Amino acid sequence: MTIDKIEFIRLDLKMKSGYTIAYESIDQADNVILKITTSDGLTGWGCAAPDEKITHESADDVIANIEQLIIPKLKGQDPFQIVRFHEELKAQNPLMRSSLAMVNIALYDLMARKARLPLYQLLGGYRKKIQTSITIGIEPLDETLRLAREYWQQGFRILKLKGGLNVEEDIEKVFRLREKLGQELTLRFDANQGYSIAQSIQFVEQTKAAKIEILEQPTPYGQDEAMRKVVNSVEVPVMADESIRSLNDVYRLSKHDSSDMINIKIMKVGGLTEAQHINSVAKAAGMEVMVGCLDECALGIAAGLHFALSRPNVEYADLDGHLDFTNDPFSGLFTIENGWIAPTEETGLGKVNL
């Protein structure tokens, strides 16, 4: 069996309302879908969700990578040389993170379909479902509370609140959310690199009574010492997100005790192969792991879900990136019921109708 055909589709995804975080505002997203077909008619699907600030790619860059690097490398080859393809493509262009993820996901999907297994079982099969948070971007207080009530009514019990622009406003929102939704709500806070060390400590100290579960990426990427000082100064677990872009990052942060937890995003780290390595280092360091996402259609979310279900130290999920899209063509790959996300028992990533 060899790779016979490689096709791609660009998705221009529209959002219901868009969102704001500490370093940017988003109202649409571009994904690129890869379809790999083998000589015996088997098909594997992958997704790239480029973000110029995180993966350093645009959709045009992903398409150029497909045409100039990926097709010449893969066509006519054995599709199950997944690690070799990953390493050789990464050597050709180390910055093509979501492009690497797209290829890697498609090849694993292909392998799972060949094995007639759901991908999470092929990868390890530790659990069958996981509870996901749902995210509220930086909004005025009234809108924050309205969205929180709406998500609560939909069954979500874990809320990730974005902030990082104004610490006093962030503190007020946290207390108002706790007041409105009570102690059953699990509340996580993501500053998206927006705080100084002092602001991070202030936020945690002044929200103690509100019982924040996790403080995510309070200080800027590349400032490991700042993150370490926050870790050593607060009781709430501090999670690295933007600071984790490679295997070297998690090794460095764990070695210097600069994070309590890490957020692995398949697009950000370059695929499932790399995610498994990063997760192993985190496990060895005793660090819990969240699997998160960028602005991904349901196909990309499915890849993150299957990885999250395969590893015991992945305790947390933030797999809601597809929920704001109005024209996501993928459906039926997984279900979300009362905040719990679970795949179908179809082979690979699930049945794709595209």
| note | Output ordering of 63-71, 106-114 (per-residue mean of other Cβ within 10 Å, highest first) is 106-114, 63-71
| request: Could you work out the per residue convex hull volume over the alpha carbons of region 202-354, in cubic angstrom? | output: 129 Å³
| With the dipole of the chain worked out from charges on the C-beta (+1 for Lys and Arg, -1 for Asp and Glu) around the Cα centre, which of Leu177, Trp340, Gln217 lies farthest toward the positive end? | Trp340
| Any idea what the relative contact order of region 7-127 is, in percent, if you count C-alpha pairs under 8 Å spaced at least 6 apart? | 25 percent
| message | How much of the DSSP bridge set in the chain is antiparallel, in percent, rounded to the nearest 5? | response | 50 percent
| query | Roughly to the nearest percent, how much of the accessible area of the chain is carbon and sulfur, given a 1.4 Å probe? | reply | 46 percent
| task | Could you tell me which helices of the chain pass both thresholds, a Cα extent of 30 Å or more along their own axis and a mean Kyte-Doolittle hydropathy of at least 0.0, with helices taken as whole DSSP H runs? | result | none
| request: Under 12 Å from the Cβ of Val289, count the other residues' Cβ atoms, weight Lys and Arg +1, Asp and Glu -1, and hand me the total. | output: -2
| said: At a threshold of 8 angstrom on Cα-Cα distance, excluding pairs fewer than six apart, so keeping six or more, what relative contact order does the chain reach in percent? | reply: 20 percent
| request: State log₁₀ I(q)/I(0) for the chain at q = 0.15 Å⁻¹ as given by the Debye formula over alpha-carbon point scatterers of equal weight, solvent excluded. | output: -1.29
| said: Cut-off 10 angstrom, C-alpha nodes, Gaussian network model of the chain. Which of Val103, Val236, Val291 fluctuates the most? | reply: Val236
| In square angstrom, what is the accessible area per residue of the chain with a 1.4 angstrom probe? | 40 Å²
| What dipole magnitude, in Debye to the nearest 20, does region 184-301 give about its Cα centre under +1 on Lys/Arg Cβ and -1 on Asp/Glu Cβ? | 220 debye
| query | What Kirkwood hydrodynamic radius do you get for region 230-276 when you take the inverse of the mean 1/r over all pairs of distinct Cα atoms, in Å? | reply | 11.1 Å
| request: Give, rounded to the nearest 20 debye, the magnitude of the charge dipole that region 1-108 has about its Cα centre when Lys and Arg contribute +1 at Cβ and Asp and Glu contribute -1 at Cβ. | output: 200 debye
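The values are calculated or read from the model by the stated rules, or taken from the named source; none is laboratory data. Treat the numbers as computed from the prediction; the structure is a model and nothing was measured. All Cβ positions, glycine included, derive from the backbone under ideal geometry; neighbour counts span all protein chains shown. When the accessible area is computed, the model is the full protein with side chains, heavy atoms only, and any ligands, DNA or RNA have been set aside. Shrake-Rupley method; radii C 1.70, N 1.55, O 1.52, S 1.80 Å.
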